[in-house]
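Student: Take a look at this one; I'll ask things after.
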Amino acid sequence: MEDFQALQDFEKLNINWFPGHMRKALRGVGDQIKRVDVVIELRDARLPITSQNPDLQNLLNNKPSLILFNKSGLADSSQIKKWESKFKNESTKPFVFVDVKKRKGLSQIIPISIRLVQSRWENLKRRGIRPPVLRLMVIGIPNVGKSSLINALARRGATQTGPKPGVTRHPEWIVLGQNAELLDTPGILWPKIQNTIDGLNLTLIGSIRDEIVGAESLSNYLIQIGKIRFPEKFSERYSIKGYESQSSQEILHQIAKKRGFFRTGGHADIQRVSEMLLCDFREGLFGPINLDQL
Ligand SMILES: Nc1nc2c(ncn2[C@@H]2O[C@H](COP(=O)(O)OP(=O)(O)OP(=O)(O)O)[C@@H](O)[C@H]2O)c(=O)[nH]1
Ligand SMILES: [Mg+2]
């Protein structure tokens, strides 16, 4: 009953984050897109549809582009298979499920990009013009690993990365050997996220600042997902009996007690427990999980 109430409370949340730097970055992407050969659109493999920015999509038009679903190591492999066959049937664009941290799928990126510009370059060659340096732009919502991907391809810490959204604030060109250049761009969301569950899922993967939802509300939502998707892993990790039958608040208090998370006055430190749960989820400690499910 209480959890049902909690779900209703989520509906009242207004989960939007579209600060000035994103508006500016969106204009920047619109300007730069004419100057690049291929756009690499990064999404999160756990949210293959929801982590697509419709406003960025509108800027692409007919520009050759490649979709990368990153952090696939954190996603459920049977779900990945289903998404792969769906996209194979429906998408005209090339796509790859990758994991930058594990360097999975990275070797395909440059060859696919070259294939996408091949016919245009052949045309140039026929007219006696030497093909230019391959220019790639990496776009996507915050925290999906755009800068990490660029560093992995460049094999150096060329651009700043971090576990919070909004690390990259300005576009930056990174030279990738003699034949390619990559443009890192700030993560961009859209002004109005219509569906509250989409907003919660985007916050869970770290694309929206935790403060917008609040760590406690977000961990309440995580506990409710856990009851359906990973009840055993959750109960085991925090030694909770009867996890499914307890309210989120009871569970948070129980974990606080077990871990000794108290504030002065002996009250349970719910903020600290909530932050720990979110951290554990983001590190994949409840196992591979898909939030957009087929
Ligand atoms: N588990 C996992 N973590 C990853 C992967 N790729 C990137 N990360 C982590 O995700 C976080 C965000 O990475 P960034 O490269 O800063 O993301 P970004 O898209 O550039 O973020 P903004 O600049 O804020 O838009 C960092 O903590 C990375 O270490 C991956 O394949 N797997
Ligand atoms: Mg970045």
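Student: Consider ASP292 carefully, then state whether it is among the acidic types (Asp, Glu), over 30 Å from GLU84 (Cβ atoms), touching a helix residue (DSSP H, G or I) at 6+ places or on another chain (Cβ under 9 Å) and crowded, with 17+ Cβ neighbours inside 10 Å.
Tutor: So ASP292 fails the test.
Student: Then there's this: List the helices (runs of 4 or more DSSP H) that sit entirely inside the stretch 1-70 and contain at least 2 residues that are at pLDDT 95 or above.
Tutor: Once the helices (runs of 4 or more DSSP H) in the stretch 1-70 are filtered for at least 2 residues that are at pLDDT 95 or above, what remains is 20-32, 54-60.
Student: Still on this structure, please answer the following. Which numbered condition in (1) acidic (Asp, Glu); (2) surrounded by fewer than 20 Cβ atoms within 10 Å (Cβ to Cβ); (3) touching a Lys or Arg at 6+ places or on another chain (Cβ under 9 Å) is the only one that ASP184 fails?
Tutor: Against the list (1) acidic (Asp, Glu); (2) surrounded by fewer than 20 Cβ atoms within 10 Å (Cβ to Cβ); (3) touching a Lys or Arg at 6+ places or on another chain (Cβ under 9 Å), ASP184 comes up short only on (2).
Student: Scan (1) within 16 Å of ILE40 (Cβ to Cβ); (2) surrounded by fewer than 16 Cβ atoms within 10 Å (Cβ to Cβ); (3) in contact with a strand residue (DSSP E or B) (Cβ under 9 Å, 6 or more places away or on another chain) for the single condition LYS71 breaks and write down its number.
Tutor: Just one mismatch for LYS71, condition (2).
Student: Being over 21 Å from the mean Cα position of the chain (by Cα) and either of a type in the set (Val, Ile, Thr) or near ligand 1 (Cβ under 6 Å from one of its atoms) (or both) is the filter here; which residues of the stretch 149-184 pass it?
Tutor: ILE174, VAL175, listed by residue number.
Student: Another question about this same structure. For LYS102, work out the one condition from (1) basic (Lys, Arg); (2) within 16 Å of ligand 1 (Cβ to nearest atom); (3) in a strand (DSSP E or B) it doesn't fulfil.
Tutor: The single condition LYS102 does not satisfy is (3).
Student: Counting only residues that are of a type outside the set (Val, Ile, Thr) and surrounded by 13 or more Cβ atoms within 10 Å (Cβ to Cβ), how many does the stretch 95-126 have?
Tutor: Selection size over the stretch 95-126: 13.
Student: Could you tell me whether GLN224 is over 19 Å from the mean Cα position of the chain (by Cα), closer than 30 Å to PHE87 by Cβ and touching a residue at least 40 places away in the same chain (Cβ under 8 Å)?
Tutor: Working: over 19 Å from the mean Cα position of the chain (by Cα): yes; closer than 30 Å to PHE87 by Cβ: yes; touching a residue at least 40 places away in the same chain (Cβ under 8 Å): yes.
Against the criterion (over 19 Å from the mean Cα position of the chain (by Cα), closer than 30 Å to PHE87 by Cβ and touching a residue at least 40 places away in the same chain (Cβ under 8 Å)), GLN224 qualifies.
Student: Looking only at the stretch 27-47, which residues are under 23 Å from PRO111 (Cα atoms) and not hydrophobic (A, V, I, L, M, F, W, C)? Show your work before the answer.
Tutor: Of the stretch 27-47, the ones under 23 Å from PRO111 (Cα atoms) are 32-45.
Listed by number, the residues that qualify are GLN32, LYS34, ARG35, ASP37, GLU41, ARG43, ASP44.
Student: Could you run through the stretch 71-99 and say how many residues are in contact with a Phe, Trp or Tyr (Cβ under 6 Å, 6 or more places away or on another chain) and assigned to a helix (DSSP H, G or I)? Walk me through how you get there before you give the answer.
Tutor: Kept after step one, since they are in contact with a Phe, Trp or Tyr (Cβ under 6 Å, 6 or more places away or on another chain), are these residues of the stretch 71-99: 72, 80, 87, 95, 97.
Now narrow it down to the ones that are assigned to a helix (DSSP H, G or I): 72, 80, 87.
So the answer is 3.
Student: Taking the criterion of being within 16 Å of ligand 2 (Cβ to nearest atom) and touching a His at 6+ places or on another chain (Cβ under 8 Å), would at least one residue in the stretch 180-187 satisfy it?
Tutor: Yes; the residues of the stretch 180-187 include at least one that is within 16 Å of ligand 2 (Cβ to nearest atom) and touching a His at 6+ places or on another chain (Cβ under 8 Å).
Student: Among what's in the stretch 125-148 and is near ligand 1 (Cβ under 7 Å from one of its atoms) and part of a helix (DSSP H, G or I), pick the residue that is nearest to VAL38 (Cα to Cα).
Tutor: Ranking the qualifying residues of the stretch 125-148, first place goes to LYS146.
Student: Where the second residue is surrounded by fewer than 11 Cβ atoms within 10 Å (Cβ to Cβ) and part of a helix (DSSP H, G or I) and the first is touching a residue at least 24 places away in the same chain (Cβ under 8 Å) and lies in the stretch 8-34, which pairs have Cβ atoms under 7 Å and are six or more apart or on separate chains?
Tutor: Every condition considered, no pair remains.
Student: Next up: From ARG156, ARG135, which residue is basic (Lys, Arg) and either without any contact (Cβ under 8 Å) to a residue 24 or more places away in the chain or within 11 Å of ligand 2 (Cβ to nearest atom) (or both)?
Tutor: Values: ARG135 fails: either without any contact (Cβ under 8 Å) to a residue 24 or more places away in the chain or within 11 Å of ligand 2 (Cβ to nearest atom) (or both).
ARG156 is the lone residue from the list that is basic (Lys, Arg) and either without any contact (Cβ under 8 Å) to a residue 24 or more places away in the chain or within 11 Å of ligand 2 (Cβ to nearest atom) (or both).
Student: Okay, next question. Kindly indicate the residue of the stretch 165-175 that is without any contact (Cβ under 8 Å) to a residue 40 or more places away in the chain and crowded, with 19+ Cβ neighbours inside 10 Å and also nearest to ligand 2 (Cβ to nearest atom) among those meeting that condition.
Tutor: By that ranking, first place goes to THR168.
The values are calculated or read from the model by the stated rules, or taken from the named source; none is laboratory data. For clarity, every value in this text was computed on a predicted model and none was experimentally measured. Here Cβ is always computed from backbone atoms with ideal geometry, including for glycine, and neighbour counts include all displayed protein chains.
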